Number of protein chains: 4
Amino acid sequence: MPPRKVKLRDEKRETILDGAVRVIAAKGFHRTRVSEVAKAAGVADGTIYLYFESKDELLRAVYERAMNRFLERGLLALAEASDPRAQLERFIQLHLECVGEDRELAAVFQVDLRKSIPFLQELSLGLLQRYLDALATILDRGQRKGSFLADLPPRELAKMVFGVLDELATNWVLSERNYRLESSAADAITFITRALGCSQPPRSN
Amino acid sequence: MPPRKVKLRDEKRETILDGAVRVIAAKGFHRTRVSEVAKAAGVADGTIYLYFESKDELLRAVYERAMNRFLERGLLALAEASDPRAQLERFIQLHLECVGEDRELAAVFQVDLRKSIPFLQELSLGLLQRYLDALATILDRGQRKGSFLADLPPRELAKMVFGVLDELATNWVLSERNYRLESSAADAITFITRALGCSQPPRSN
Amino acid sequence: MPPRKVKLRDEKRETILDGAVRVIAAKGFHRTRVSEVAKAAGVADGTIYLYFESKDELLRAVYERAMNRFLERGLLALAEASDPRAQLERFIQLHLECVGEDRELAAVFQVDLRKSIPFLQELSLGLLQRYLDALATILDRGQRKGSFLADLPPRELAKMVFGVLDELATNWVLSERNYRLESSAADAITFITRALGCSQPPRSN
Amino acid sequence: MPPRKVKLRDEKRETILDGAVRVIAAKGFHRTRVSEVAKAAGVADGTIYLYFESKDELLRAVYERAMNRFLERGLLALAEASDPRAQLERFIQLHLECVGEDRELAAVFQVDLRKSIPFLQELSLGLLQRYLDALATILDRGQRKGSFLADLPPRELAKMVFGVLDELATNWVLSERNYRLESSAADAITFITRALGCSQPPRSN
DNA sequence: TATGAATGAGAATTCATTCAT
DNA sequence: CATGAATGAATTCTCATTCAT
């Protein structure tokens, strides 16, 4: 019966990934040594290779897990709000909350992993596309309902919206000051909704 | 001080930097070997070390030179346009033109160098601050003149504007399609000026 | 002493040895991993170590078993033939038959195991000595009976005879062509009996 | 002008090969570590890789050099003797002399290198074929001139002759006693010429 | 007994940097 | 100044062996 074993196996896998995130956050992507990840995860060097084909494979898994967690939350948000304007605001808040929650993870995410290795790029593209798709869907629906101006294509708008949020996140990660990322949400919402030509006045929230 | 020699020295330095950009663009930041840079520059491996302290130092120089070239152009643009709205549009166009001009350099810039090494980050911050300062100055002036809404701080706006442009640039670098980056300029201008609450209609240009 | 258990124990031991032969034949001596032997034998990695002290020990056992099987047959042959000339011919045929029977095993034997590890060498020497002794006994008796010329010492002759047969075997193992090794027997007999100065004409068989 | 450099390069290459032979002879083929070869050759580990692609490549080179040296001598011998019988005797002596000259080298040769790695085998086959060809040529000429019986194909005979010599060499390498390999030459000549059915009596030499 | 996940010592290889020419 | 051969520290990955279950 595999259940038990699979459970243990997955748990150790997670443990290793956690260790990897920790080390990468501390030392940076390329300065990260497999042996350090092993130590951080509390396993032997060789154990890493029972769970991951290679160092690169491990790093890809780190990235994948993080991105998937992020997307799951973002996509769930879509169901929670009914009108596009509210959905968009929720999406913006979630993006910043998600990234803002764990600075370590965010550092890995914003600074190191995302743009580094060719095959990470591929993956990055795939997952990023999912993100942009989700966002574009909201924007498209909003344009059809008249909530947003329709003079720019939703896909293009999605990129620019992501750019705004991503830059805020990166700035936060790299900045020394200890402000909360979520505190940028209001400004971002103002900026973005205005850029989208929202007819309605900003929500009271 | 022998001017002649300094001249030659600087020329070879530039040659090496050119080689470095070429190799980094082709192989990526971490896959780049000093010996490959040397070959690309047509010098011996050891010669690199007569001009740069270390490999990291070389890479920082690559980055610095590129960023400075970029800023020089952007800051010059400020003098060429008189009103903040026009300045902003020029700034946007310049950003995208600059990045769009040399896809190789852009790749180094967007994908590899910017977010990789701790001390590159420091540098990055310094230069990026200069960029954001320049942009914030325009925005501030615009807010004072009533060209832009003044409900968000210029520094915050500058980040978000940079985010939009940067994301467009990154997307362009990573995309396979061979569209021209400048062609995104119109959309970016629409998006951004609307976000800034520009009162005037878009310029005919 | 519990015969039943010993029986089972020996059976599993044989199973493991069979697996080892298979893997070694396929991958070569040094490319063989303990885990692969385990898989081929249908047991867990750890189980190997319940039957063999170490990997080297396992390999020595493989060799020993094969050599013993070989010698048993060879020595039996001595009883079956009465005169030295016939014994010699039978010996030659047996050598080539034995090796020729199982190309897999022969490959392990000729190519990999025999000359590889120091303590395998010792063992090899021991068993090889038994082989050479058996052969020398035949030759010695033949010399005494006048069947073979007696101008060279039997031990020396035995080596050279072994050399002829061994080289034929090695050539066969390494050759791509699928001829039967036994078909070389006639040539070998001609060559060797002539070298020994046999007075009688070759037997009709 | 390359001559000087090539000279130096080749010299160092030889130095490394010499070191490799020494270590392989001492520790055996698979127990040989690159770092040990480096130390034996008096160079740094990395230097090995300036002259050889990989460890396997280095070992192949060791083998190739040895085999070529051997063949050169053997083939020269052909020119020195006029009649096939004398040529054969010279060949036998040379084989045993060559191997007997340097026990270290012979150990590498007989025990380790020859039969170990797949691609070494290929090489081995190629060079061994050249050896067998040379020998077969002598035998063939001898058969045509009536010096040797012609009832067995020269190629087949060559293998068996090689087997005799090779076995004597292997026995010598593995034996503890300190006899000279060349002292086996007379016996080998007696055995082989008789096996070939030489009409003439053994030479006085 | 049997298992197989975990271990960690060990090995090949790379590549930034040096320095004799 | 320029060279590029040499260096050797550093790193990834393998695999024989162990031991808790």
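Every number in this text was worked out from the coordinates using simple rules, so none of it is lab data. Here the structure is a predicted model, which is why all the values come from computation and not from measurement. Because the Cβ atoms are built from the backbone with ideal geometry, glycine has one as well, and the counts that use them run over all protein chains shown.
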Whole-number percent relative contact order across region B:1-71, with pairs defined as alpha carbons under 8 Å at least 6 apart: 29
Label point 7 Å beyond Cα along the C-beta direction, distances from residue D:153 to other copies (nm, shortest first): 3.7, 7.3, 9.3
Ranking of A:190, D:170 by count of other Cβ atoms within 10 Å, fewest first: A:190, D:170
Neighbour-count order for A:75, A:8, fewest beta carbons within 10 angstrom listed first: A:8, A:75
Cross-link reach list, aspartates and glutamates versus residue C:145, counting only Cα pairs under 13 Å and skipping chain neighbours closer than eight places: C:83
Sorted by Cβ density within 10 Å, fewest first, the residues A:63, B:51: B:51, A:63
Calculated label separations, residue D:46, copies of the chain, 7 Å along the beta-carbon direction, nm: 1.4, 3.0, 4.4
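Mind checking the mean number of beta-carbon atoms from other chains within 10 Å of the Cβ atoms in D:151-158?
On the way: counts 4, 6, 1, 0, 0, 7, 3, 1.
Counting other chains' Cβ atoms within 10 Å and averaging over D:151-158 gives 3.
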Candidate aspartates and glutamates - alpha carbon under 14 Å from residue A:27, same-chain residues fewer than 8 apart omitted: A:36, A:104, A:112
Cross-link table A:12/A:55; C:12/C:55; A:39/B:55; A:12/A:39, entries beyond 20 Å C-alpha to C-alpha: A:39/B:55
